[in-house]
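Take a look at the structure below.
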Amino acid sequence: GQQVMQIPQYQHVQEGEDFTTYCNSSTTLSNIQWYKQRPGGHPVFLIQLVKSGEVKKQKRLTFQFGEAKKNSSLHITATQTTDVGTYFCAGPTYTGGGNKLTFGTGTQLKVEL
Amino acid sequence: DSGVTQTPKHLITATGQRVTLRCSPRSGDLSVYWYQQSLDQGLQFLIQYYNGEERAKGNILERFSAQQFPDLHSELNLSSLELGDSALYFCASSVGTVLTGELFFGEGSRLTVL
């Protein structure tokens with residue numbers, strides 16, 4: 001079955017440093033979605049990328065979808081304490097009648113003052 | 001507030017027992033997804049319903065079952081509970097499918113099996 005891996009698993013940064021998480025799928029994806037889960041919270045949708053090579057920005061966050069549509073990255077510039085949480089990428093899979101969203105293993109970000 | 005409501009928020013029960021988790025999707029959303037999140041694991045897909053019909057199944061145990069009712073709310077039934085079933089169970093909804101849109105997650109039901 002489809003597997004979605006993320007690296008690193010954990011990342012500690014000092015506030016103001018940059019952060020990047022990488023996502024790799026074992027299969028080609030029709031789209032890639034990114035979610036953020038704050039400690040003790042639930043996953044919240046951040047963005048969806050659809051096109052090969054697509055790049056989207058949300059303030060300090062930059063999302064990229066690979067040319068082969070099998071990998072993606074999230075880069076945060078000048079991290080803040082509000083960026084703390086676990087970042088998941090997720091890709092849809094058709095399962096014969098329905099679709100499921102397979103989540104990556106997640107990258108847990110901790111930001112220290 | 002995502003608009004997805006899950007009850008109960010917390011549940012403590014004993015091994016061998018049965019529990020029911022309830023989910024009300026966002027108004028207008030036809031798809032409901034159930035995910036399990038354990039401490040050291042990510043989000044594991046359990047099952048998807050669309051407008052009352054089961055559409056996709058993940059690694060859902062035979063002891064677990066779910067359904068979606070005509071009013072579109074969904075229930076996840078967990079029986080013969082084991083210690084390893086302790087986890088956070090999320091319900092999520094979407095307008096159509098995840099091919100075209102995102103999932104909106106509820107706050108989760110935290111199940112503790114003692």
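Please treat every number below as a calculation from the coordinates, not as lab data. Here the structure is a predicted model, which means the values were calculated and not measured. Cβ atoms come from the backbone with ideal geometry, glycine included; neighbour counts cover every protein chain shown.
The residues A:His12, A:His75, B:His10, A:His42, when put in order of fewest to most other Cβ atoms within 10 Å, stand as B:His10, A:His12, A:His75, A:His42.
Can you run the Rg to Rh ratio on the protein assembly as shown? Use alpha carbon positions and the Kirkwood inverse-distance Rh. Walk me through the numbers on the way to the answer.
Details: Rg = 17.5 Å, Rh = 18.0 Å.
Radius of gyration over Kirkwood radius for the protein assembly as shown works out to 0.97.
The equivalent ellipsoid that matches the C-alpha gyration tensor of chain B spans semi-axes of 23, 14, 13 angstrom, in descending order.
Within the set of other residues whose C-beta is less than 13 Å from the C-beta of A:Glu54, count the net charge using Lys and Arg as +1 and Asp and Glu as -1. Walk me through the numbers on the way to the answer.
Working: positive: A:Lys51, A:Lys56, A:Lys57, A:Lys69; negative: A:Glu67.
Taking every Cβ under 13 Å from that of A:Glu54, the sum is +3.
Computed over chain A, the quotient of the alpha carbon radius of gyration and 2.2 N^0.38 Å is 1.04. Percent of alpha carbon pairs in the range A:1-59 separated by more than 18 Å? Everything past 18 Å amounts to 50 percent. Over all other residues within a Cβ to Cβ distance under 14 Å of B:Thr5, the charged ones net out to -2, with Lys and Arg as +1 and Asp and Glu as -1. Distance from the Cα centre of the range B:1-26 to that of the range A:81-113, in angstrom? Value for the Cα centre distance between the two parts: 22 Å. For the range B:1-67, the equivalent ellipsoid built from the Cα gyration tensor has semi-axes of 21, 16, 13 Å, listed from largest to smallest. Compared with the direct C-alpha span, the chain from B:Asn51 to B:Glu75 gains 7.3 nm at full extension, assuming 0.36 nm per residue. Per the Debye formula with a single identical scatterer at each Cα and no solvent contribution, what log10 I(q)/I(0) holds for the range A:48-102 at q = 0.16, 0.18, 0.20 Å⁻¹? Summing over Cα pairs of the range A:48-102 leads to -0.60, -0.72, -0.83.
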